[in-house]
1. Mind giving me the FRET efficiency for residue 191 and residue 168? R0 is 22 Å, r the Cβ-Cβ distance, nearest 0.05 is fine.
2. Pull out the extension gain between residue 200 and residue 27, defined as 0.36 nm times the separation in residues minus the alpha carbon to alpha carbon distance; nm, one decimal.
3. Would you mind working out the magnitude of the charge dipole of the range 35-196 relative to its Cα centre, with +1 at each Lys and Arg C-beta and -1 at each Asp and Glu C-beta, to the nearest 20 Debye?
4. Does the range 82-132 classify as rounded, prolate or oblate by the C-alpha gyration tensor (a ≥ b ≥ c root eigenvalues; a/c under 1.5 gives rounded; else a/b over b/c gives prolate, otherwise oblate)?
5. Take the alpha carbon gyration tensor of the range 35-196, find the square roots of its eigenvalues, order them as a ≥ b ≥ c, and report rounded if a/c is under 1.5; if not, report prolate when a/b exceeds b/c, else oblate.
6. Pull out the extension gain between residue 131 and residue 218, defined as 0.36 nm times the separation in residues minus the alpha carbon to alpha carbon distance; nm, one decimal.
7. Of the lysine pairs in the range 35-196, how many meet both conditions: Cα atoms under 24 Å apart, and a spacing of 8 or more in sequence or different chains?
8. Given 0.36 nm per residue, what is the gain on full extension from residue 104 to residue 75 after removing their alpha carbon distance, in nm?
Amino acid sequence: MVSQLSKSQSLSESKPDKLGDLQTEIFYPENDGNPMSDNTKQFRWILTIQQNIDWLYANNPDVFVAGDLLWYPVQGNNKIAAAPDTMVVFGRPKGDRGSYKQWLEGDLAPQVVFELLSPSNSRVEMSKKLLFYSLYDVEEYYVYDPDTNDLEIWIRGDRSLDSISAVHNWVSPRLGIRFDISDELQIYRPDGTKFYSYIEISQMLEQERDRADLAAQQLAEMAAQLQQYRDRFGDL
């Protein structure tokens, strides 16, 4: 979300005043006071996208993936900020952050941003977000409405973010993931594996445990039968 933030919130940076001998505190909040999501469907999609991209780059220490983290692109101005539902920064190390202050991050802006729509998002709000991400050098911007299965994609052109008309089976230049909107949105990793939800992953783990338990039981039964054979007939 794009925010206008008050000076009373926390995290600060010192900045010389006009006289040069006094210090004025610049506060960089870690929370804009808005909820991460408005409903369960939006939250589920935010979690699925953020966690699956994080998983995709789990072995790359220089890809930072975050959800609902305040991003400050301009040093000294705490009123210019956004908290994308998911953002991906190539070239920055993993690790916990209270906010993303771009001037402390090699001046690297997030290259990829996702926003998940809810009924409360207005056209004016989304226009402001598009302007913000275009102004502050986002390369790929994805907006998905889970209620209508509508996907909008914006890609960096010469000077701004340009809309992509053919979004079905679009492949992200940065992430290599594919977007299938033939039914409900499905996102696929470069190896063809789909983005799984938390529930789907839990179910698969449970199935794997059940298979492992069954295999262990069958192995124990085979071992018992072999022992019975040896007790009766001896070793071959």
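1. Numbers: r = 20 Å, r/R0 = 0.91.
Between residue 191 and residue 168 the formula returns 0.65.
2. Details: separation 173, 0.36 × 173 = 62.28 nm, distance 4.09 nm.
Answer, rounded to one decimal: 58.2 nm.
3. Numbers: 16 positive and 23 negative charges, 72 e Å.
Using Cβ point charges on Lys, Arg, Asp and Glu, the range 35-196 gives about 340 debye.
4. Working: a/c = 2.59, a/b = 2.11, b/c = 1.23.
The shape class here is prolate.
5. Details: a/c = 1.42, a/b = 1.21, b/c = 1.18.
Rounded.
6. Values: separation 87, 0.36 × 87 = 31.32 nm, distance 6.12 nm.
That pair, residue 131 and residue 218, stretches by 25.2 nm at full extension.
7. Step by step, the pairs that qualify in the range 35-196 add up to 9.
8. Working: separation 29, 0.36 × 29 = 10.44 nm, distance 0.90 nm.
Here the answer is 9.5 nm.
No value in this document is a laboratory result; all are computed from the given coordinates. Every value quoted in this text rests on a predicted model; they were computed, and no experiment measured them. Backbone-built Cβ (ideal geometry, glycine too); neighbour counts: all protein chains shown.
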